Amino acid sequence: MQPGRPFAASVDAPVSEATPHPRPHGLGIAVVFDWALTAQLTTQALASATHNLGFTPNPLVIGGGLVAAACLFALGEGLRRGVPVLRLVQIGLMVIISLVGVASLVMLVTGQFSGSLLFTTAIELGYAPWLVWRLLDKETAAWFTMAQGRGGAPHVSGWQWVAVLAAWAIVWGVVVAWAESL
């Protein structure tokens, strides 16, 4: 082993082959979160168009929901691929969602209880702060710097993992859309 390079197999081994690559902590959950919001907004837009889930047809809800869904899908895909600036965008979005969760908790504590508010508050105060913490991790930042939009992270690359992420996202997005209609 070479001094200062504890993972080097030999003196002649390049650092990129010998040192382990950084891992993006929380990346899969962040992608599922964005894609689940995509599924939720798409479900709500379709529900508005078809007069379901308590929605009445409203062109602004339909159009706005679909535009926001497209942006969130692109954000999730950009994160999955490792676009560095999108990590910061995701952190900002998760901070905003966490603050909304605090406001939701205040509503619950002051007696404005509903099952859907409890469900969404749990997500807002559970996943969002956790994702901020994981995306701020030094190893995650290093992975995004290394990936530069080329992706390759385990558990978010390859068609099998994309299918798993998409399936989880669709299920959660539809469940949240339904829960908010209660």
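The values are calculated or read from the model by the stated rules, or taken from the named source; none is laboratory data. Predicted, not measured: the structure shown is a model, and the values here were computed from it. As a convention, Cβ positions derive from the backbone with ideal geometry for all residues, glycine included, and neighbour counts pool all protein chains shown. Remember, those area values only see protein heavy atoms, side chains included, never the ligands or the DNA or RNA. Shrake-Rupley method; radii C 1.70, N 1.55, O 1.52, S 1.80 Å.
Brief remarks on what is shown
- Phi-based couplings in Hz for the stretch 115-123 (Karplus 6.51, -1.76, 1.60; Gly and Pro marked x): x, 5, 5, 5, 4, 5, 5, 4, 5
- Modelled spin-label separation between Leu53 and Ala122, with each label point placed 7 Å from Cα along the Cα-to-Cβ direction: 1.9 nm.
- Using alpha-carbon coordinates, inclination of helix 59-81 to the longest axis of the chain, degrees: 10 degrees
- Heavy-atom surface of the chain, accessible at 1.4 Å and reported per residue (Å²): 56 Å²
- In this simple spin-label approximation, Thr110 and Ala167 carry label points 7 Å from Cα along the Cα→Cβ vector, and these lie 4.3 nm apart.
- Solvent-accessible area, 1.4 Å probe, carbon plus sulfur percent, for the chain: 72 percent
- For the stretch 121-182, diffusion coefficient by Stokes-Einstein and Kirkwood Rh (Cα), 37 °C, 0.692 mPa s, µm²/s: 236 µm²/s
- Val174-Thr145 FRET efficiency (beta carbon distance; Förster radius 25 Å; 0.05 resolution): 0.10
- Taking the longest Cα principal axis of the chain as reference, the axis of helix 27-50 is set at about 20 degrees.
- 17 Å tail of the calculated P(r), the stretch 45-182, as % of Cα pairs: 69 percent
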